[in-house]
Amino acid sequence: MVNPSFLQKIAAFVIQDYSSKLADITIVLPNKRAKVFLIEALKNETKATILSPEIVSIEDFVQDIAAVRSIDSIELLFEFYEVYLSVTDKQNQQSFELFANWAKTLLQDFNEIDRYLLDPSHVLSYLKDIEDIKKWGIEVENKTKLLENYIDFWKLLPLYYESLYGHLLNKSIGYQGLIYREAVNNLNHFSNTITNRTFIFAGFNALNAAEEKIVQHLLALDQAKIYWDVDQAFLNDPYHDAGLFVRRFKESWKHYKSNPFEWIVDDFSQHKNIHVIGTPKTIGQAKIAGSIIENIINENPLVSLDKVAVVLGEENLLVPVLYSLPSTVGALNITMGYSGKNNPSQILIAKLFKMHTSAISRKGGSYVFYYKDVLDILTHPLVEPYASTRELVRIVKENNYTFVTHSKLVELNPNQSILFTLLFQKWESGSVAVLETISALLLLIKENFSNDNEEEKIAKTFVFSVFKVINKLINYYSLHKHIDNIDTLYAIYKQIIDIAEVSFEGEPLRGLQIMGVLESRVLDFDTVIVTSMNEGKFPAGKSQNSFIPYDVKKELGLPTFKEKDAIYTYHFYHLLQRAKNIYLIYNTENEGLDAGERSRFITQLEVERQKKHNLTFDIYNPVLPATAYESMVVPKSAAVMERLKEIAETGFSPSALTSYIRNPIEFYFQKILRIREVEEVEENIALNTLGTIIHETLKSLYEPFIGKFISEHDLSNCLKLLDEEVLKQFKLVYKEGEIKKGRNLLAFEVAKRNVSNFIRMEIEAVKNGDSIKIIALETTFQYELNHPSLPFPVLLKGNVDRIELRNGRIRIIDYKTGKVEKANVILKSWNGLTQELKNDKIIQVLAYALMFQNEAKDVPVEVGIISFKNLKSGFLPFGFKEEKELTTTVTPEILNNYLEQIVLLLNEIFDTAIPFEEKV
């Protein structure tokens, strides 16, 4: 016989004992979620039509007793700030940003003090005394203003508490602790007004002092019953933390001196398959959880997943797990809190704040956006598919808009969507207007989602959670106009988004259940998959987010990490209590942010193994390839050969040949597939951009002298025009990029210096008697190569930087902005010329000589390089060194030898048997 779940037992008991007066029953559960499952259990327990008993969570129940409305942590923070301002001297008042840093911790302490019914003035004055003792050794004259303010802070804590308590009570609102304290104060009145009702408390474990008092009061009046869900394995073991609280209650409650303790079960010791799986990193755990679900479905395609739970020990695993689930999962129910900090919609709003606050703070008063901020917004997944701004992104990248004014941005995108308008609307009308814009933006984004798939439903939930926070801020700012500043608004937003949780709503009774640890209370599943089973994650570890020291908590009876660990222990073992198949997944990495040793719970299961538990341990590592990286190989298809023939007709450039030598795959992508590099904004001038600017400046300055001999006077004039010409070329090449500051200003000055040094070198040459006649600048030449071994004629085509007649010899010059040494253009052997990349400059300059040979006629020709990083070496001519003799004149023999090598290279490129193979 299958053991019933705890909620099924409660349903059966209620139907059996209270069938005639169900309307007078109130069942109190640890959380709201269990209510739906209990109603389902009641439905399954009866065939008749019945009135359901009232079913409430403990928090709602206590709220009813206290007659005080609960407020969330965000509203509470705002209310506390209002109180803080009212009781603090104006000169000592802190901004909300500073206040929130310590107020969040203090509110947690207030909450604990109230939930455990302690005397607040005693606890808080205790803290002040501790701080006083710490400072005893400091002489009065050595006490600084900072230290005095610090001691004053501790003195003010009782005032903060009393003022906040009174302020909230006056409005009939409160945080959880206040409500619990008020409920206890109101307990006699409450129990006198509900004499006909019976309260059934079910499935509790750890009760705070206020809850204990309420339950015991109702038990003593015979107005309540309480049913625990505790296994004898934990209850009877004095050292087992899963039974820590229930053992205390069983021993100390007056009720159990004369009444039986119900219910103790024996489920944990029954047959279970427990699989402990270690795998590296967070993503590994998500993948394994997904594959376990897939295996469950594959083993039985008709299986219902509503008895399967994935319990996330760490909320950050939610999104990876969702993406790792098989598509066959179907219905999905997520019930867990998810931090607002990691919410994708929140990330968009944070980027929006960053963009606008940066734009407002630019000097000069104009509204200027930084390009990275703009692109961050336009490429965000919630914006990009719907904003119709692809063309705008392209323009910003191609024109190097490092900074772009608001008016320019609007001008560049004439067909604006409403989404675009809201994103870039100026934030100049105050905080409320900004928040209303963000609110409208979130509503618009929500409209872009459908309810047809789970991913879009989840995205909508994320958007809605931020929308609620923004609306709370609107309400707050409408009441407090005195803090109307965008930077302060952003600071407040950052503070409150940290405590804002995303709440998911689904269909609890259908489909796979994904939940956090606390959401699993009272529920039972056949298959349980638990992730993040590492120390510090499961259990959560000793986080001391409190102003009250450990020893004080211990003395006053406040829960410490020992009690918090015991709560975690109970939840963990309760998950396992009735489950048949259990998968415990942990991270094997012991370094990095998500690292940590295996959870103590796994060790405990191993050491205290029950006879019927089948415990297995596995380590799953990702499959690693035998080779770290395989070179890409692309065979030459008919289409590739057709494209090569097309290139041969239009012209092979020397750079195309050298790109093949460098890496055939690079040649394939650039020349065959014609894939260009993605256009990006050059925030800092790239080397190739700087090279283009220098080339274009020299061309523009020397153009008037084409066909003429240049004089010293001509060159001196060029120096005068230099600044203006470099600026003009920068504007043409670098477009809207910023050149007046930072590294770009340095690059601008480097360009000027390079061109200036080159012209001065020319002036020196003319002074020393050189006659220089400019023949061509930045001119394209070509040469048709017909060779019997080639499958078709090949046109060689290239752009020559400069050709001059100097002292009766033709000099073909290629400018290089990088550093080139004399050795880079000296060749000792023709064999293997096209096999090595170090010969790329020789291949390039000799190609120019080949193309120009007909125009040169019988005039001797030199080819070479002028390196702007090695200007002192002047013109570096190509030279062929045979034994000890160096030839710098390009002879027909040199060109023939060069052609033979180029034909060998081209035959390799055109050979269908030789694929394009990547060089690694």
Exercise. Obtain the nm distance between the two label points defined at E398 and E436 by a simple spin-label model: each point lies 7 Å from its Cα along the Cα-to-C-beta direction.
Key: 3.9
Practice problem: Identify the residues of segment 67-91 with backbone N under 18 Å of a label point that sits 7 angstrom from the Cα of T488 along the Cα-to-Cβ direction, or state none. | Solution: 77-91
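Assuming R0 = 60 Å, can you tell me the calculated FRET efficiency for the pair V303 and D222, based on Cβ-Cβ distance, to the nearest 0.05?
The pair V303/D222 has a calculated efficiency of 0.85.
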Quiz prompt | Residue-wise HN-Hα coupling along segment 118-129, computed from phi with Karplus coefficients 6.51, -1.76, 1.60 (Hz; x: Gly, Pro) | solution = 7, 6, x, 5, 5, 5, 6, 6, 4, 4, 5, 4
Quiz prompt | Residues V528, V184 arranged by fewest to most Cβ contacts within 10 Å | solution = V184, V528
Quiz item: What is the helix-to-structure angle for 145-170, meaning the angle in degrees between its Cα long axis and the longest Cα principal axis of the chain, kept from 0 to 90 and rounded to the nearest 10?
Solution: 60
Quiz prompt | Check: segment 382-537 dipole with +1 on Lys, Arg Cβ and -1 on Asp, Glu Cβ, in debye | solution = 480
Exercise. State, as an integer percentage, the relative contact order of the chain based on alpha-carbon contacts under 8 Å between residues 6 or more apart.
Key: 13
Quiz item: Tell me, what ³J(HN,Hα) does each residue in segment 710-720 have, in order and in whole Hz, if you take phi through Karplus 6.51 cos²θ - 1.76 cosθ + 1.60 with θ = phi - 60° and put x for Gly and Pro?
Solution: 8, 10, 4, 5, 4, 5, 5, 4, 4, 4, 5
Practice problem: Quick one: dipole size for segment 69-180, taken about the Cα centre, charges +1 on Lys/Arg Cβ and -1 on Asp/Glu Cβ, in debye to the nearest 20. | Solution: 80
Self-check item: Tilt relative to the chain, helix 892-910 - C-alpha long axis, 0 to 90 degrees, to 10
Solution: 30
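Relative to the Cα centre, what is the charge dipole magnitude of the chain, using +1 at the beta carbon of each Lys and Arg, -1 at the beta carbon of each Asp and Glu, and rounding to the nearest 20 debye? Please report the intermediate quantities before stating the final value.
Numbers: 102 positive and 120 negative charges, 161 e Å.
Roughly 780 debye for the chain.
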Quiz item: So what are the ³J(HN,Hα) numbers for segment 606-621, from phi and the Karplus equation (6.51, -1.76, 1.60; θ = phi - 60°), rounded to whole Hz, Gly and Pro as x?
Solution: 6, 5, 9, 4, 7, 4, 8, 8, 9, 9, 10, 10, 9, 10, 9, 10
Quiz item: Quick one: Cα convex hull volume of segment 69-180, Å³ per residue?
Solution: 100
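Please work out whether segment 341-502 counts as rounded, prolate or oblate from its C-alpha gyration tensor, where a ≥ b ≥ c are the square roots of the eigenvalues and a/c under 1.5 means rounded, while otherwise a/b larger than b/c means prolate and anything else oblate?
Judged from the Cα gyration tensor, segment 341-502 comes out oblate (a/c at least 1.5, b/c at or above a/b).
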Quiz item: Sorted by packing (mean other beta-carbon atoms within 10 Å per residue), highest first, where do 15-26, 340-351 land?
Solution: 340-351, 15-26
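Between E724 and R390, take the C-beta separation as r, use R0 = 30 Å, and let me know the FRET efficiency to the nearest 0.05.
Numbers: r = 37 Å, r/R0 = 1.23.
Computed FRET efficiency for E724 and R390: 0.25.
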Quiz prompt | Kirkwood hydrodynamic radius of segment 596-680, from inverse mean 1/r over distinct Cα pairs, in Å | solution = 18.7
Practice problem: Excluding residues fewer than 8 places away in the same chain, name every one of the aspartates and glutamates whose C-alpha is closer than 20 Å to that of K472. | Solution: D72, E75, E79, E82, E97, E436, D484, D487, D498, E501
Practice problem: Return the subset of K446/K537; K731/K752; K819/K884; K816/K857; K90/K354 for which the Cα-Cα distance in this structure is over 24 Å, preserving the input order. | Solution: K446/K537; K819/K884; K816/K857; K90/K354
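In nm, what is the difference between 0.36 nm times the number of residues separating Q93 and K869 and their Cα-Cα distance? Don't skip to the answer; put the middle values down first.
Working: separation 776, 0.36 × 776 = 279.36 nm, distance 6.06 nm.
Length gained between Q93 and K869: 273.3 nm.
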Quiz item: Counting only residues 5 or more places away or on other chains, whose amide H sits under 5 Å from the amide H of G278 once H atoms are built in the peptide plane?
Solution: Y586, D618, I619, Y620
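For H255, H240, what's the fewest-to-most ordering of other Cβ within 10 Å of each Cβ?
On the way: H255 16, H240 19.
Fewest to most other Cβ atoms nearby, the residues stand as H255, H240.
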Quiz item: Out of residues 5 or more away from I173 or on other chains, whose amide H comes under 5 Å of its own, with H placed 1.01 Å from N in the peptide plane?
Solution: R69
Practice problem: Putting +1 on Lys and Arg Cβ atoms and -1 on Asp and Glu Cβ atoms, find which of V184, F353, P635 reaches farthest to the positive end of the dipole of the chain. | Solution: F353
Practice problem: Take the cross-link list K35/K225; K797/K838; K397/K645; K225/K250; K32/K554; K564/K611 and give me the ones stretching past 24 Å between alpha-carbons. | Solution: K397/K645; K32/K554; K564/K611
Quiz prompt | Computed [θ] at 222 nm, helices only, for the chain once each DSSP H run of length n ≥ 4 contributes -39500 (n - 2.57) | solution = -15500 deg cm²/dmol
Quiz item: Helix 176-185 sits at what angle to the longest principal axis of the chain, using alpha carbons and giving 0 to 90 degrees rounded to 10?
Solution: 10
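Bear in mind these aren't lab numbers, they're just calculated from the coordinates by the rules spelled out. Please read all numbers here as calculations on a predicted model, not as lab measurements. For neighbour counting, all protein chains shown are included, and Cβ atoms are generated from backbone atoms with ideal geometry for every residue, glycine included.
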